[in-house]
Amino acid sequence: MNRLFKPPLRSCVEAAAVPWRERDAVSHSPIFSTWIEQVRGACGAFEWVTFGYLGVLNTLIFLFRKNLPAAPRYLLIHACIAAGIVALAWAASRSGNSALRFLRYWYALPLWTFLFEELTGLVHIIYPNWFDDWLIRFDHALTGVYPWDWLAQFANPALNDFMQFAYLTYFFALVALPAILYAQGKHREFWTVMTSMALAHYTVYTIAVLFPIQSPFHAFPALEHQILPGGPATWMINLVERYGRVHGAAFPSAHVSGAFAVLLCAWQYRRWLFWLHLPLFCLMVISTVYGRYHYVGDCLAGLLTGAAGFAAAHLLMESRGAVPQIRATE
């Protein structure tokens, strides 16, 4: 009788001795591994860079959480963003839904806007003070004047509005080349441009936390009362500034950095667009100082970060899996 029950009993005991987590991993690992591989294929270099930035930012938030009462909220929001990106990338690789595919390509634009806007609450998590004095001295040593103040002698409503229009061309720069490549089905080229801009922007955002700069407009309170009257472009800028102005995150200039990265991409992929964009870019750089948004030092640093983003992205895009898998529209 005992012999009949001995083998089954031994099997049960041996099975019970195996940790439940190990048994669960054994039974589910093929499905989980398959999903991981799908996610890995769905996420390309652009996502690697984005996750890297969120990781660096969350590390800084955690290390200096005593200086940021809302640290848990920021960490939770960033975790949700990362999860949302993974879900979107995976879904777009499995489904041919046109709306989902469009969102997969263009989610970067609202993401960058959000990540830039949140810097208002993050620029002082390490240092409580501003370092504008450094750039004020740099600008004066470089030019012999205070550039934003010197340019004010030329101010008039027509020039003001023209300069504000030039400032707005930044948004044209972010969209024009990627939109052309997207419409023409240039998959690799599109993601190379987006990754270049991502590296440029995320570098700016990280430096903004490490080296807080607030811009001439905020550093000199008297400028808040010396408005630059203009027309439609000025009205548009004032509307944007009223609801979305970020106090801080001026160094390096995100405008210059992102636009320069895409300008270099235009030289490589659509030379005619480069020549169209070049004069607008030069005017935009001047407008950032004319409009008191940036120091000259911000612009020079923006050129460096934009060029670095362009170069790093092209190296990264040579990696295996850098181009994400996205299912064609059904």
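Along its first, second and third principal axes, ordered by size, segment 232-281 spans 36, 27, 14 Å in Cα coordinates. For segment 159-236, the spherically averaged projection of the C-alpha convex hull amounts to 7.1 nm².
When a/c is below 1.5 the answer is rounded, else prolate if a/b is larger than b/c, else oblate, so apply that to segment 250-330 with a ≥ b ≥ c taken from the square roots of the Cα gyration tensor eigenvalues. Walk me through the numbers before you get to the answer.
Values: a/c = 2.40, a/b = 1.82, b/c = 1.32.
Because a/c hits 1.5 or more and a/b exceeds b/c, segment 250-330 counts as prolate.
Ordering 212-218, 269-275, 322-328 by mean Cβ neighbour count within 10 Å, with the highest value first, yields 212-218, 322-328, 269-275. For segment 191-330, taking Cα atoms only, Rg and Dmax work out to 17.1, 58 Å respectively.
With an 8 Å Cα cut-off and a minimum separation of 6 or more residues, compute the relative contact order for the chain in percent.
28 percent
So what's the convex hull volume per residue for the Cα atoms of the chain, in Å³? Before the final figure, lay out the partial values.
Numbers: hull volume 58.5 nm³, N = 330.
It comes to 177 Å³ per residue, whole-number rounded.
Counting only heavy atoms of protein chains, what accessible area per residue, in Å², does the chain have with a probe of 1.4 Å? Before the final figure, lay out the partial values.
Numbers: 17310 Å² over 330 residues.
Spelled out: the 1.4 Å probe surface of the chain, per residue, equals 52 Å².
The packing ranking of peptides 39-46, 204-211, 103-110, highest mean first, is 39-46, 204-211, 103-110, where packing means the average number of other beta carbon atoms within 10 angstrom of each residue.
What is the angle, in °, between the Cα long axis of helix 2-17 and the longest principal axis of the Cα atoms in the chain? Nearest 10 is fine, range 0 to 90. Around 10 degrees separate the two axes.
Springs between Cα atoms under 10 Å define the GNM used for the chain, and in it the highest mean-square fluctuation of Asp161, Asp132, Asp149 occurs at Asp149. Using equal-weight Cα scatterers in the Debye expression, the normalised intensity of segment 79-195 in log10 at q = 0.13, 0.14, 0.23 Å⁻¹ is -0.85, -0.91, -1.29.
Look at where the Cα atoms of segment 227-266 and of segment 109-186 average out, and the two centres are 4 Å apart.
With a/c under 1.5 counting as rounded, go ahead and sort segment 213-260 into rounded, prolate or oblate using the C-alpha gyration tensor (a ≥ b ≥ c being the square roots of the eigenvalues; past the cut-off, prolate if a/b is larger than b/c, else oblate). Judged from the Cα gyration tensor, segment 213-260 comes out oblate (a/c at least 1.5, b/c at or above a/b).
For segment 130-184, build the convex hull from the C-alpha positions and give me its volume per residue in Å³. Please report the intermediate quantities before stating the final value.
Numbers: hull volume 7.5 nm³, N = 55.
Looking at segment 130-184, the number lands at 137 Å³ per residue.
For segment 26-125, the gyration tensor built on C-alpha atoms gives an oblate shape. Its axis ratio a/c (a ≥ b ≥ c) is at least 1.5, and a/b is not larger than b/c.
With a 1.4 Å probe and all protein chains left in place, how much of the accessible area of segment 70-221 comes from carbon and sulfur atoms, in whole percent?
Working: 4710 of 6810 Å².
The computed percentage sits at 69.
Quick one: go through segment 71-113 and flag any residue whose amide nitrogen is under 12 Å from the point 7 Å out along the Cα-to-Cβ line of Arg65. From segment 71-113, the list is 71-76.
The values are calculated or read from the model by the stated rules, or taken from the named source; none is laboratory data. What you see is a predicted model; the values in this text were computed from it and never measured. Please note: Cβ atoms are built from the backbone with ideal geometry, for glycine as well, and neighbour counts cover all protein chains shown. These area figures cover heavy atoms from the full protein model, side chains too; ligands, DNA and RNA do not enter into them. Shrake-Rupley method; radii C 1.70, N 1.55, O 1.52, S 1.80 Å.
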